């Protein structure tokens, strides 16, 4: 009886030690995560301060760019329309509506918010790098090898998405919404907050959408997404992309819709190839495991 009690006591002590070790390991990881997040926050603060200092250029050239007829996208559309003889509707020479501020601290708040948002975009690659540094030690050698280049490809896709959203989706949407009217008695007077939030949302959302191959890669690694499923759902993806293109394009002609929809089609097809590549590697690894 005494020996059984001693055995139970030793087991309880060992289990308690394991639980304490597990809790310490958890808090160690939490502390490590906090360090990476602090570094990322410092980087974002620095880029935000930089954007705040050079805010005149950011506001006049970048934020208000899609409101000007001299914007790069509108000039290219005029040249393309003239070259292909698409008519005057394709060339955008005026963005109607007036931008106003309706709040006492509206312009100051706008400067803070837009500088912060721009700082987050500029600091996004460093944030990804810190996340990668935190996750990397927990990965196995084969997982670490397969995830090589994560920061580079995720940053590249995000930057391409931001550029596509800012130079294609945002200006076409601004032009469409500024010209949209249900009655000549209603004049479009737009608040600066509404304008900025629209441009920022369209640009950032497009940047996030372009991260689709990275998301598909992760889901495929987890076995949640397969290329077969994506091919079966292709027709629904095509409909969604065409609807988005029809909404943001100023004219319903095919060349304009293809300008917006074609990159999204290519992105979806590329995501299918990414998923297929992951599945092929997993099947090869399973085959080698069973043959060994």
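Looking only at the range 69-86, which residues are in contact with a helix residue (DSSP H, G or I) (Cβ under 8 Å, 6 or more places away or on another chain) and surrounded by fewer than 16 Cβ atoms within 10 Å (Cβ to Cβ)?
Taking the range 69-86 and keeping what is in contact with a helix residue (DSSP H, G or I) (Cβ under 8 Å, 6 or more places away or on another chain), we get 71-74, 77-78, 80-81, 84, 86.
Listed by number, the residues that qualify are 72, 80, 84.
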(Q) Give all pairs with beta carbons closer than 6 Å in which a residue from the range 213-239 that is surrounded by 12 or more Cβ atoms within 10 Å (Cβ to Cβ) meets a residue that is not in a helix (DSSP H, G or I); count only pairs at least 6 apart in sequence or on separate chains. (A) 216/225; 219/225
Q) Just one of 32, 21, 4 is part of a helix (DSSP H, G or I), within 27 Å of the chain's Cα centre (by Cα) and modelled with pLDDT under 90; which is it? A) 32
Q. So is residue 106 under 14 Å from residue 196 (Cα atoms) and touching a strand residue (DSSP E or B) at 6+ places or on another chain (Cβ under 9 Å) or not?
A. yes
Q.
Yes or no: the range 178-194 includes at least one residue that is more than 28 Å from residue 73 (Cα to Cα) and in contact (Cβ under 8 Å) with a residue 60 or more places away in the chain.
A. no
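Out of 93, 102, which single residue is modelled with pLDDT under 90, more than 19 Å from residue 43 (Cα to Cα) and not in a helix (DSSP H, G or I)? So that I can check it myself, show each step before the final result.
Details: 102 fails: modelled with pLDDT under 90.
Among 93, 102, only 93 is modelled with pLDDT under 90, more than 19 Å from residue 43 (Cα to Cα) and not in a helix (DSSP H, G or I).
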Q) Somewhere in the range 26-44, is a residue without any contact (Cβ under 8 Å) to a residue 40 or more places away in the chain, under 30 Å from residue 188 (Cα atoms) and surrounded by 13 or more Cβ atoms within 10 Å (Cβ to Cβ)? A) no
(Q) Need the failing condition index for residue 243 against (1) surrounded by 13 or more Cβ atoms within 10 Å (Cβ to Cβ); (2) at pLDDT below 90; (3) under 21 Å from the mean Cα position of the chain (by Cα), just the number. (A) (1)
Q. Inside the range 87-103, can you point out the residues that are without any contact (Cβ under 8 Å) to a residue 40 or more places away in the chain and either crowded, with 16+ Cβ neighbours inside 10 Å or in contact with a strand residue (DSSP E or B) (Cβ under 6 Å, 6 or more places away or on another chain) (or both)?
A. 91
Q: Could you pull out the residue among 255, 250 that is at pLDDT below 90, in contact with a helix residue (DSSP H, G or I) (Cβ under 6 Å, 6 or more places away or on another chain) and closer than 30 Å to residue 66 by Cβ?
A: 250
Q: Scan (1) under 23 Å from residue 178 (Cα atoms); (2) in contact with a helix residue (DSSP H, G or I) (Cβ under 8 Å, 6 or more places away or on another chain); (3) modelled with pLDDT of 90 or more for the single condition residue 202 breaks and write down its number.
A: (3)
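Conditions tested, residue by residue: (1) under 14 Å from residue 274 (Cβ atoms); (2) touching a helix residue (DSSP H, G or I) at 6+ places or on another chain (Cβ under 6 Å); (3) in a helix (DSSP H, G or I).
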residue: 160; (1), (2), (3): no, no, yes
residue: 169; (1), (2), (3): no, yes, yes
residue: 172; (1), (2), (3): no, yes, yes
residue: 185; (1), (2), (3): no, no, no
residue: 197; (1), (2), (3): no, no, yes
residue: 207; (1), (2), (3): no, yes, yes
residue: 213; (1), (2), (3): yes, yes, yes
residue: 219; (1), (2), (3): yes, no, yes
residue: 230; (1), (2), (3): yes, yes, yes
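The values are calculated or read from the model by the stated rules, or taken from the named source; none is laboratory data. Predicted model, so just to flag it, every value in this text is computed and none were measured. Quick reminder, even Gly has a Cβ in these numbers, built from the backbone with ideal geometry, and neighbours come from all protein chains shown.
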